[in-house]
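Take a look at the structure set out below.
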Amino acid sequence: MTAAGLSRGLDTLFAIPPEHRLDDVDRAAARQLLGCDDHTLSTLLDRGLPASGDAGAERFDSHDLFNLALHSGSGTTVPEQAFAYSLRWMRSSTGDLLAPRASRFALRVACAAGTCGPAPTSTLALPRPEGCGGAVHDLTVEPADGTAVASGDTVTRTASELAVTATVHTRGELAELRSPELRAIAAEFAAMDLRWVKLPAALRDDVDLLTTYGVASCDSASRYLAQLCVRAGIPAVTRIGWVVGMLDLVHAWVEVEDSDGATKVIDPVFALFSAAVRDTNPLLRDPAVALRTNRLIPTGLSTGRVVAEHRCAGEPAAARVSTKILPAPPRPEERS
C-alpha cells in the first residue's frame with residue numbers, strides 16, 4: 001500500500017527546483033519519513049525521485065520527501081499521520097470552532113550560532129487578535145531591559161535571545177459572503193483544485209506556482225486570492241499568524257471588506273487541508289461563507305514578513321525559533 005501510494009505520488013510530485021534545493025536528508029532518514037524499505041526507495045530513485053550523491057549514499061531534499069509522503073494516499077507515512085493528528089480539530093462542530101478560547105502563548109527566538117556575533121538584535125511578532133474580537137493579557141517581553149524598538153506589531157531587543165509570552169483570547173466568527181463578486185472569486189479559487197505543499201522560504205510567496213503547477217503554500221494562496229479581490233475592486237489584505245495545534249506552521253489567510261462593510265476572513269488553504277483529514281466540518285470547504293476559527297492567532301503582519309528574526313552585526317543570521325500555545329483558563333467575561 002505504501003509503495004504503491006508513493007509511486008503514484010511521485011507522478012504528481014512538484015520537485016523543488018535545483019536552485020532552491022537543500023539535500024539535507026540521507027537514505028536512512030528518507031526511508032523513515034516515507035515509511036518504506038530500501039528496495040522501494042531505490043525504485044523511487046529509478047523512477048525519478050530527485051537526489052544528489054553517489055548510488056547508495058544519496059541525499060534528498062526534505063520538502064520533496066514531505067510532499068511525496070503527504071500526497072501518497074497511503075495513510076501510513078509520518079507526514080500523513082502528523083497532519084491528520086494536528087488537524088483533527090477540523091472535525092469539530094461549528095459551535096466548537098466559534099466558541100471563546102484562551103491560550104497561553106510563548107514565542108522565542110535565539111541565535112543559532114554557538115557564539116552570537118557583535119551587536120545582536122532579536123525581533124518577534126506580537127499576537128494581535130484585538131481586530132477580530134480577541135484580546136491579549138499579561139504580555140511579557142524578556143529580556144525586559146536593553147534598547148527596545150516596538151512598532152505595535154513587533155518588538156525588538158538588543159539581545160541574542162528574545163521571548164514573548166501572553167494569554168491570548170480568541171473567538172471564531174461565521175458570516176455569509178454577500179458581495180456577488182467576492183462569492184464568485186471564492187468559488188473560482190475553490191475550483192482550481194490546488195494541492196498544499198511544503199516549500200522553501202524563497203518559494204512560499206510565489207503565486208506563479210499556483211497557475212503553472214497547481215500547488216500552493218498558505219502564503220502564495222493568500223496572495224493570489226487577495227490579488228483577485230483587489231483587481232475586482234474589493235479591499236483585501238493578507239495576514240499571517242499561528243494556528244493553535246500547528247506550532248511549526250506560520251499560517252496565512254486573507255481579510256476582505258465585504259459589500260456590507262464588514263471585514264471577513266477567507267482562509268483559502270483550510271479547504272486544501274481538509275483533503276488530508278476525513279469527516280471535516282463542511283463549512284471549512286464552503287466558498288460561500290467566511291469562517292474564522294477560534295484557533296487563529298493573528299499578527300499585524302502580512303505575507304512576506306516573518307514572525308521571528310535575529311541579526312548579528314546588522315546582518316540576518318540563523319535563528320532558533322520555538323512556539324508554544326497551550327490551553328489556558330478563560331477569564332469570566334470570556335465564558336459565554
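Scanning the stretch 187-201 for residues that are in contact with a Ser or Thr (Cβ under 9 Å, 6 or more places away or on another chain) and of a type in the set (A, V, I, L, M, F, W, C) yields M192, W196, V197, L199. Filtering the stretch 272-290 to residues that are within 21 Å of V237 (Cβ to Cβ) and either modelled with pLDDT of 95 or more or in a loop (DSSP other than H, G, I, E, B) (or both) leaves P287, V289, A290. Restricting attention to the stretch 220-236, the residues that are within 18 Å of T293 (Cα to Cα) and open to solvent by 10 Å² or more (accessible area, probe 1.4 Å) add up to 0. A single entry from S52, S86 fulfils the requirement of being closer than 17 Å to V25 by Cα and open to solvent by 10 Å² or more (accessible area, probe 1.4 Å): S52. From the list S42, S72, the lone residue that is touching a residue at least 60 places away in the same chain (Cβ under 8 Å) and of a type outside the set (A, V, I, L, M, F, W, C) is S72. Looking at the stretch 64-93, which of the residues that are of a type in the set (F, W, Y) and modelled with pLDDT under 90 is farthest from the chain's Cα centre (by Cα)? Only one residue fits best here, namely Y85.
Looking across the stretch 272-290 at every residue that is closer than 19 Å to S179 by Cβ and in contact (Cβ under 8 Å) with a residue 24 or more places away in the chain, the one that is surrounded by the most Cβ atoms within 10 Å (Cβ to Cβ) is identified as A290. Residues that are within 16 Å of the chain's Cα centre (by Cα), within 14 Å of P268 (Cβ to Cβ) and without any contact (Cβ under 8 Å) to a residue 60 or more places away in the chain within the stretch 183-203 are absent altogether.
Against the test of being part of a loop (DSSP other than H, G, I, E, B), on the phi < 0 side of the Ramachandran plot, at pLDDT 90 or above and open to solvent by 50 Å² or more (accessible area, probe 1.4 Å), the options P118, P127 yield a single qualifying residue, P118.
Please verify whether L41 is modelled with pLDDT of 95 or more, closer than 16 Å to S74 by Cβ and within 28 Å of the chain's Cα centre (by Cα), treating the condition exactly as stated. Against the criterion (modelled with pLDDT of 95 or more, closer than 16 Å to S74 by Cβ and within 28 Å of the chain's Cα centre (by Cα)), L41 does not qualify.
Residues that are among the acidic types (D, E), closer than 17 Å to I325 by Cβ and either without any contact (Cβ under 8 Å) to a residue 24 or more places away in the chain or surrounded by fewer than 17 Cβ atoms within 10 Å (Cβ to Cβ) (or both) occur at least once in the stretch 134-151. Of all residues assigned to the stretch 191-212, at least one qualifies as being of a type in the set (S, T, Y) and either more than 27 Å from G134 (Cβ to Cβ) or crowded, with 21+ Cβ neighbours inside 10 Å (or both).
Annotation: of all residues in the stretch 24-34 being closer than 20 Å to H71 by Cα and under 24 Å from the mean Cα position of the chain (by Cα), the one that is most open to solvent (accessible area, probe 1.4 Å) is Q32. In the stretch 291-331, the qualifying residues are those that are of a type in the set (A, V, I, L, M) and in a strand (DSSP E or B), and the one that is surrounded by the most Cβ atoms within 10 Å (Cβ to Cβ) is I297. Residue pairs whose Cβ atoms lie under 7 Å apart, sitting 6 or more positions apart in sequence or on different chains, and linking a residue in the stretch 229-248 that is free of Cβ contacts under 8 Å to residues at least 40 places away in the same chain to a partner that is surrounded by fewer than 19 Cβ atoms within 10 Å (Cβ to Cβ) and charged (D, E, K, R), are P235/E257. Could we say that S336 is modelled with pLDDT of 95 or more and either surrounded by fewer than 13 Cβ atoms within 10 Å (Cβ to Cβ) or in contact with a strand residue (DSSP E or B) (Cβ under 9 Å, 6 or more places away or on another chain) (or both) here? No; evaluated as a whole, the condition is false for this residue.
Within 22 Å of the chain's Cα centre (by Cα), modelled with pLDDT of 95 or more and more than 30 Å from R171 (Cβ to Cβ): which single residue out of D96, D61, D46 fits that description? Checking each option against the conditions leaves just D61. Being buried (at least 20 other Cβ atoms within 10 Å of the Cβ), closer than 20 Å to V265 by Cβ and modelled with pLDDT of 95 or more: is that true of P180 here? Spelling it out, it is not the case that P180 is buried (at least 20 other Cβ atoms within 10 Å of the Cβ), closer than 20 Å to V265 by Cβ and modelled with pLDDT of 95 or more. Taken over the stretch 242-261, the residue count meeting the criterion of being of a type outside the set (D, E, K, R), surrounded by fewer than 22 Cβ atoms within 10 Å (Cβ to Cβ) and farther than 17 Å from A82 by Cα is 2. I'd like to verify a number: residues in the stretch 303-327 that are in contact with a strand residue (DSSP E or B) (Cβ under 6 Å, 6 or more places away or on another chain) and not aliphatic (A, V, I, L, M), how many? The qualifying residues number 8.
The values are calculated or read from the model by the stated rules, or taken from the named source; none is laboratory data. Small disclaimer: the values here were computed from a predicted structure and weren't measured. Glycine also receives a Cβ, built like all others from the backbone with ideal geometry; neighbour counts cover every protein chain displayed. Each accessible area value is taken on the protein alone, full model and side chains, heavy atoms only, with ligands, DNA and RNA left out. Shrake-Rupley method; radii C 1.70, N 1.55, O 1.52, S 1.80 Å.
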